[in-house]
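Accompanying notes for the structure given below.
The values are calculated or read from the model by the stated rules, or taken from the named source; none is laboratory data. Every value quoted in this text rests on a predicted model; they were computed, and no experiment measured them. Don't worry about glycine lacking a Cβ; one is built from the backbone with ideal geometry, like all the others, and counts go over all protein chains shown. Just so you know, the surface numbers come from the protein's heavy atoms only, side chains and all, with ligands and any DNA or RNA stripped out. Shrake-Rupley method; radii C 1.70, N 1.55, O 1.52, S 1.80 Å.
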Protein chains: 2
Amino acid sequence: MKKLINTAESVVEDALNGMAAAHPSLRIRDHVVYRAQGPRRGKVGLVSGGGSGHEPLHVGFVGHGMLDAACAGEIFTSPVPDPIIEATLGVDGGAGVLHIVKNYTGDVLNFEMAAELVEGVEVASVLVDDDVAVQDSLYTAGRRGTGATLFVEKIAGALAEEGAPLARVAAVAQEVDERSRSFGIALTSCTTPSAGKPTFDLPETEVELGIGIHGEPGRARVPLAPARELAEVAMEAVHRDQPLRGDLLVMVNGMGGTPLMELYVVFAEVAAFIKGKGARVTRSLVGNYVTSLDMQGFSVSVCLLDDALTRLWDAPVETPALRWGR
Amino acid sequence: MKKLINTAESVVEDALNGMAAAHPSLRIRDHVVYRAQGPRRGKVGLVSGGGSGHEPLHVGFVGHGMLDAACAGEIFTSPVPDPIIEATLGVDGGAGVLHIVKNYTGDVLNFEMAAELVEGVEVASVLVDDDVAVQDSLYTAGRRGTGATLFVEKIAGALAEEGAPLARVAAVAQEVDERSRSFGIALTSCTTPSAGKPTFDLPETEVELGIGIHGEPGRARVPLAPARELAEVAMEAVHRDQPLRGDLLVMVNGMGGTPLMELYVVFAEVAAFIKGKGARVTRSLVGNYVTSLDMQGFSVSVCLLDDALTRLWDAPVETPALRWGR
């Protein structure tokens, strides 16, 4: 295993120290990343988190217009309730806190427990479960939460920034999840620092369709094919589950070890597929956003937009990994 | 070889089609990426380019506050003069055009020839040669141009946007190059689509110090070491060439296949090294910006800032890969 780390045990801590050094806009304490300036009175607080190894998700999405705090667990391991409680208390501005939780059993349990235990703060939760590949999985009852988590965090974050009440922020988060679908394909396994060897074996001639972001098995293994065919497999799965129509927010996301050039090759095919179905890509992201350590491969996520969601997507955002002005 | 491509022959074209589909702010013709709205009267035009495989450099840096056009050669192959001439004519707003050229023999020759052949446009050139690892190299007389290219494009782009004349824009580009130093370390080789196998063999237990962005040999191979030691090797090389002092712009850049988490681990060590020398990181970038296909590894680039350069770095930029508001 070749990785830029000091030790397998310290990798999360070391990476968070790097984030703190690079981003004065953040304050990091006990594996929780906060906005440096603290909560804003009257604004709903947004807290997310989960196992590390998916960066920039979630820690890179803390900042104006997106999250107020992100809890970083160990690699592929949910944070326990304590830091989630700390984060919830730390971002509360008196208007309540929304927990954005990817649908993995550990995350669901720990966020639920934190929400029950926290005192004096109104908490709402939204569960992200956009991955159409499999119904249940190694760590999941129901569908897994993957790329749409970014959509939910961005759009709910924009509405919270405008001062909307907790119920409305939770409702838009729920709506974005319901309008979003994802599907991933792995070319290689990831390697966790502690294991030191690939999580699974994938022959040099095969890809895994419907991969999870922790290397959980997907639907099937098939021979490596041109990007066009792989993009079609992913988009057919998305389209079959929720027909493509109207204006779409589309993300072609790298799994961590895939260079940008290849993601643009995939994006071209995804865009052609969408055009073929009579829908339109009106907003897009291409890059490594919801990753799985050093895995090579991609996922595609699609959200059905309307004018209100488009406006919230376009609203200013100022985080380490997602940043645009008005 | 596992890559998300259709064919090795079409990969550059296919990726550019993806960029065109994802970014309505761009217009792409004959492997040249332009700003969609065309040249602005009286503004100096900035043209860069080079072999593909280093994305987002240069094509992802076209937009307000940075480049006006980028010429995309085939993988690791300089564009020929014709597209450079086309780009130069296409971005001219009557105030002349600056060519930003990384110091590789092919790029230097082709940009020089284009500058000689183009008619009716005043052209100035700046050569970027920030890589302290080796004096001459496989494709270079003198030092190689690597990470500082991004600094030059951003800072010169900001000055051009303000309406500064060609001589001043060229001078600041030159100044940024002179104030910048870089050093890269590879954990793995890259694999070009046409070769289909790694460019060089690097044992599982070794890293290459001073790697070039095309996989050119560096200074030495040494055993894989903790991130702290690798960061120190890189920073010692930078510091020995140009002592760290005052305010610094620091980029920890991934070579394409390295996940963000590992880059932050490196950044923490780089920041600690700089602090130990009594200098300050006042601006930073962490991510995959100047890449070498799927290579795993990192480079670090440091630019000595002053107030004027800091102001230009902070100026708004609106490109696919670098984007911030006021």
Item to check | Alpha-carbon centroid distance for the pair the range B:240-274 / the range A:1-54, whole angstrom | outcome: 18 Å
Next on the checklist: For the range A:11-179, what does the relative contact order come out to in percent, with C-alpha contacts under 8 Å and a separation of six or more?
Outcome noted: 21 percent
Item to check | Among A:Val286, A:Val207, A:Val222, residue whose mean-square fluctuation peaks in a GNM of chain A (springs only between Cα atoms under 10 Å) | outcome: A:Val222
Item to check | Assigned charges on the beta-carbon of Lys, Arg, Asp, Glu; chain B dipole about Cα centre (debye) | outcome: 900 debye
Next on the checklist: Highest mean first, how do B:163-171, A:226-234 rank when packing is the count of other Cβ atoms within 10 Å averaged over residues?
Outcome noted: A:226-234, B:163-171
Next on the checklist: Test of understanding: in a Gaussian network model of chain B with alpha carbons linked when under 10 Å, which of B:Thr282, B:Thr77, B:Thr188 would top the mean-square fluctuation ranking?
Outcome noted: B:Thr282
Item to check | Span from the the range B:182-212 Cα centroid across to the the range A:152-205 one, whole angstrom | outcome: 31 Å
Next on the checklist: Set the bar at 21 Å for Cα to Cα. Now go through B:Lys43/B:Lys154; A:Lys3/B:Lys102; A:Lys3/A:Lys197; A:Lys102/B:Lys2; A:Lys197/B:Lys2; A:Lys43/A:Lys154 and name every pair that lies beyond it.
Outcome noted: A:Lys3/B:Lys102; A:Lys102/B:Lys2
Checklist entry - Add -39500 (n - 2.57) for each DSSP H run of 4 or more in chain B, then divide by its residues: what number comes out at 222 nm, to the nearest 500 deg cm²/dmol? => result -10000 deg cm²/dmol
Checklist entry - Using a 1.4 Å probe on protein heavy atoms, which residues of the range A:312-326 have at least 20 Å² less accessible area in the complex than alone? => result A:Arg323, A:Trp324, A:Gly325
Checklist entry - Roughly what % of DSSP beta bridges within chain B run antiparallel, to the nearest 5? => result 55 percent
Checklist entry - Given springs between every Cα pair under 10 Å in a Gaussian network model of chain B, which of B:Gln174, B:Gln242, B:Gln135 has the largest fluctuation? => result B:Gln135
Item to check | Length-normalised contact order for chain A - Cα pairs under 8 Å, 6+ apart - percent | outcome: 18 percent
Item to check | Buried solvent-accessible surface, both chains (A, B), 1.4 Å probe, Å² to nearest 100 | outcome: 4500 Å²
Checklist entry - Going from most exposed to least, what order do B:Ser301, A:Ser78 have by accessible area with a 1.4 Å probe? => result A:Ser78, B:Ser301
Item to check | the protein assembly as shown: antiparallel DSSP beta bridges as a percent of all, rounded to 5 | outcome: 55 percent
Checklist entry - Which percent of the accessible heavy-atom area of the range A:180-313 goes to carbon and sulfur, probe 1.4 angstrom? => result 50 percent
Item to check | Local net charge near B:Asn17, Cβ-Cβ under 15 Å (Lys/Arg +1, Asp/Glu -1) | outcome: -3
Checklist entry - Counting DSSP beta bridges in the range B:181-305, what percent are antiparallel, to the nearest 5? => result 70 percent
Next on the checklist: Could you report the protein assembly as shown's accessible area per residue, 1.4 Å probe, as an integer in Å²?
Outcome noted: 34 Å²
Checklist outcome for this item: Computed over the range A:53-125, the relative contact order (Cα-Cα under 8 Å, seq sep at least six) in percent reads 29 percent
